[in-house]
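First up is the structure itself, then whatever we jot down about it.
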Protein chains: 2
Amino acid sequence: MGTVSAVDRDRVPKQDRSRATRQRLLEAAVACLGEHGWAGSTVSVVAERAGVSRGAAQHHFPTREDLFTAAVEYVAEERSTALRALFPQGAAGDRRAVVAALVDLYTGPLFRAALHLWVAASNEEQLRPRVTELEARVGRETHRIAVELLGADESVPGVRERVQGLLDMARGLGLANLLTDDGPRRDRVVAQWAALLDEALG
Amino acid sequence: MGTVSAVDRDRVPKQDRSRATRQRLLEAAVACLGEHGWAGSTVSVVAERAGVSRGAAQHHFPTREDLFTAAVEYVAEERSTALRALFPQGAAGDRRAVVAALVDLYTGPLFRAALHLWVAASNEEQLRPRVTELEARVGRETHRIAVELLGADESVPGVRERVQGLLDMARGLGLANLLTDDGPRRDRVVAQWAALLDEALG
């Protein structure tokens, strides 16, 4: 038993270090994509930014596609967790505030990074199936959170499409925010559409 | 007079040829952007695709930025003209059909090309102010057409933001269509929101 404990003590910090390295790489990859786009985002650039050797980076992520799809997925999960934590009371809360928070998912560095990956995937055969699958997974999870926090009853005909349309609008608003600060206009649009949706969800 | 007429006869075909060359370059530029993205779209590649010498291309468009912003603007104008022609009766027509046609503006090769230019502009200082200005101009024109064809009365509080939200949703739906054919889902979302908007515009 004494020997096993010693082995465990050695192993746990090593796993922790490995997890910390992985996380630094993922965060650096998202920042890099947002700032330099896909063309300027290589494993080497990310490794340097994260303060990790290229070899260590490749140990965690054998290919460039592995690194960047994992990065977008990781940050999307972080955002989902944060969003649920914002509304612990779920559907019982303020529905218009939920709409505003859902729209906020599509502004900021994660959306910017995901957009670069998405657009690159439309022209790169190697990237395309990976990003298509990632996008479907993240999209389903976001829809699930939206339904839950809005207290939407999808057994009512049309409700599913109304929630989807809201998320499509949020994505479009994110795109409109890419080159200029579209915040004030966005707030007015969101206020109007949140009211429409509030009525439409009954 | 005889001499002037001869000069005119010589000049008119030359202007026509010049206009035709310009148009071929613009159309090739949009196709090139959609297929190869900004990184793969140079003046040389477009000139070759259009069957025009690089010198002739540079005579029409001195810089790469000139060529691609002009191309997106040209095709956006073509689309606007086509959209107005689809609904010659304007606001008197079927509002839900107008919503579907507005959403269609954001699928297809023009949206794909504009998206590449937009995303590239977010990281390239030389491109950014040009695309920001282009986007604002095209956005205003699209809003104007939407208000006109929907018969929306923007003096009513909230109507302006509802029309804007529709165009934001259309942009988000366009993005969702980039990697996969999202047509069937899009049709269902558009049907639901067109009905809501129809009520909301009174």
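Read-outs throughout are calculated quantities, based only on the coordinates presented, and are distinct from any laboratory measurement. Please read these numbers as outputs of a predicted model, since none were measured by experiment. Virtual Cβ from ideal backbone geometry, glycine too; neighbours counted across all protein chains shown.
From most to least packed by mean Cβ count within 10 Å, the peptides B:167-176, B:25-34, A:177-186, B:72-81 give B:167-176, B:25-34, B:72-81, A:177-186. Ordered from longest to shortest, the equivalent ellipsoid semi-axes for the stretch A:30-141 are 29, 15, 12 Å, each the square root of 5 times a Cα gyration tensor eigenvalue.
Separation of the stretch A:90-160 from the stretch A:8-87 is 21 Å, based on Cα centroids.
The mean number of Cβ atoms from other chains found within 10 Å of a Cβ in peptide A:156-169 is 6, as a whole number.
Averaged over the residues of B:111-119, the number of partner chain Cβ atoms lying within 10 Å of the residue Cβ comes to 3. Taking a Cβ cut-off of under 10 Å around B:V189, the surrounding Lys, Arg, Asp and Glu residues balance to a net charge of +1, with basic ones at +1 and acidic ones at -1. Inter-copy label distances for B:R19: 6.9 nm (label point placed 7 Å from Cα along Cα→Cβ; shortest first). Each peptide in B:108-116, A:62-70 was scored by the mean count of other Cβ atoms within 10 Å over its residues; highest first, the order is B:108-116, A:62-70.
With the Kirkwood sum run over all distinct C-alpha pairs, the stretch A:2-201 has a hydrodynamic radius of 18.7 Å. Loop-resident GluC sites (Glu not before Pro) (DSSP state other than H, G, I, E or B) in the stretch A:91-193 with no more than 13 further Cβ atoms inside 10 Å of their Cβ: A:E125, A:E154.
Label positions at B:A136 and A:E73, each projected 7 Å from the Cα along the C-beta direction, are separated by 4.1 nm. Put simply, the convex hull of the Cα atoms in the protein assembly as shown casts, on average, a shadow of 27.0 nm². Per-residue mean of foreign Cβ neighbours for A:186-197 is 5 (Cβ atoms of other chains, 10 Å radius).
Only residues of the stretch B:39-66 count here: report those whose backbone N is under 13 Å from the spot 7 Å along Cα→Cβ of A:A39, or say none. In the stretch B:39-66, the label zone of A:A39 (backbone N under 13 Å from the point 7 Å along Cα→Cβ) covers B:39-45, B:64-65. Measuring nothing but alpha carbons in the stretch B:11-63 and taking Rh as the Kirkwood radius, the Rg to Rh ratio lands at 1.01.
Under the simplified labelling scheme, the A:Q126-A:D187 pair shows an inter-label distance of 4.5 nm, with each label point 7 Å from Cα along Cα→Cβ. Helical runs (DSSP H, four residues minimum) scored at -39500 (n - 2.57) apiece and divided by the length of chain A put the mean residue ellipticity at 222 nm at -26000 deg cm²/dmol.
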